[in-house]
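Scroll down for the structure; my scribbles are underneath it.
The values are calculated or read from the model by the stated rules, or taken from the named source; none is laboratory data. Because the structure is a prediction, the values reported are computed rather than measured. FYI the Cβ positions are ideal-geometry reconstructions off the backbone, even for glycines, and counts take in every protein chain you see. Heads up: the accessible areas ignore ligands, DNA and RNA and are worked out on the full protein's heavy atoms, side chains in. Shrake-Rupley method; radii C 1.70, N 1.55, O 1.52, S 1.80 Å.
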Amino acid sequence: MSRLNAQVDTLFWFAAPDVSSAIGETPVYLRFLTQDQPADVEVSLPANGTFTPVTISIPSNSVDSINLSPFIAMIESPSANAVNTNGIKISATANINAIYELRSNTSKAVFSLKGQKGIGNEFYTPFQKNYATSVVSPGTNASIEIVATEDNTTVLITPRSNITGHSMNTTFSVTLNKGQTYSARDVNATGAVSLAGSIISSNKPVAVTVRSEEHTSELQSHHDLVCRLVLE
């Protein structure tokens, strides 16, 4: 029997998108599943010195959670076209699965984090192009969330739709330090023009999340993402 290890790791990076309060942004959890060894898990915000890391010890073959709701203002992307400090780092002493889960009564989403398979230097973003992406008020349009895993990371972004502060099909650069994030947010809520096919490249590894009212996921880097899209 074959075993898939693509989402089992000891290190995960994640940039949590902003979820509209109108559709429900809490509660939100990190879920962890251990394998055949126990694991000590630490959750930190490396770029935010005011956040005290949270640690838990999980027995082997077990499930445990951290409720991030009290920290929602620290972990969700606070603004577009700005360098922010909400990048989440998860480290473990043994292999685990990690899930970021929104469980609002009116809004639910699950991000199955990909560990170091989700860290890379080149990404192409998938978005649907048929439906409006913001149907509530206050709404949050589709976005691309980027988190740096090392200091002095230069990120080149080519959006396929106009985003806050930048025009479509025009490449621009952002410099991020470890744990810092950048949110590229679509200014257009219709489906006719979207961020589909936007390009993110960097000189050092980053992790990327895409978000819309219809689609939320963490990307894998160029080669893995292409394979995943073909399979789906």
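Return the residues of region 160-181 that are open to solvent by 10 Å² or more (accessible area, probe 1.4 Å) and within 16 Å of the chain's Cα centre (by Cα); say none if nothing qualifies.
The answer is K178, Q180.
Scan region 142-159 for residues that are at pLDDT 95 or above, of a type outside the set (S, T, Y) and either open to solvent by 10 Å² or more (accessible area, probe 1.4 Å) or in a loop (DSSP other than H, G, I, E, B) (or both) and report the count.
Looking only at that region, the number is 5.
Suppose we filter region 22-79 for residues that are β-branched (V, I, T) and farther than 26 Å from V210 by Cα; how many remain? Quick ask: steps written out before the conclusion?
Quick first cut of region 22-79, residues β-branched (V, I, T) only: 23, 26, 28, 34, 41, 43, 50, 52, 54-56, 58, 63, 66, 72, 75.
Restricting the remaining residues to those that are farther than 26 Å from V210 by Cα gives 34, 50, 52, 55-56, 58, 63.
Number satisfying all stated conditions: 7.
The rows are residues; the columns are (1) surrounded by 17 or more Cβ atoms within 10 Å (Cβ to Cβ); (2) not in a strand (DSSP E or B).
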| residue | (1), (2) |
| --- | --- |
| S60 | no, yes |
| D64 | no, no |
| F71 | yes, yes |
| A80 | yes, yes |
| A94 | no, no |
| A98 | yes, no |
| L102 | yes, no |
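Would you mind stating whether V187 is out of contact with any Cys (no Cβ under 7 Å at 6 or more places or on another chain), aliphatic (A, V, I, L, M) and open to solvent by 20 Å² or more (accessible area, probe 1.4 Å)? If you could, list the steps in order and put the result at the bottom.
Working: out of contact with any Cys (no Cβ under 7 Å at 6 or more places or on another chain): yes; aliphatic (A, V, I, L, M): yes; open to solvent by 20 Å² or more (accessible area, probe 1.4 Å): yes.
Yes; evaluated as a whole, the condition is true for this residue.
So how many residues does region 34-54 have that are of a type outside the set (G, A, S) and over 20 Å from A15 (Cα atoms)? Spell out the reasoning first.
From region 34-54, those of a type outside the set (G, A, S) are 34-38, 40-43, 45-46, 48, 50-54; that's our starting set.
With the extra rule that they be over 20 Å from A15 (Cα atoms), the set shrinks to 34-38, 40.
Here the count works out to 6.
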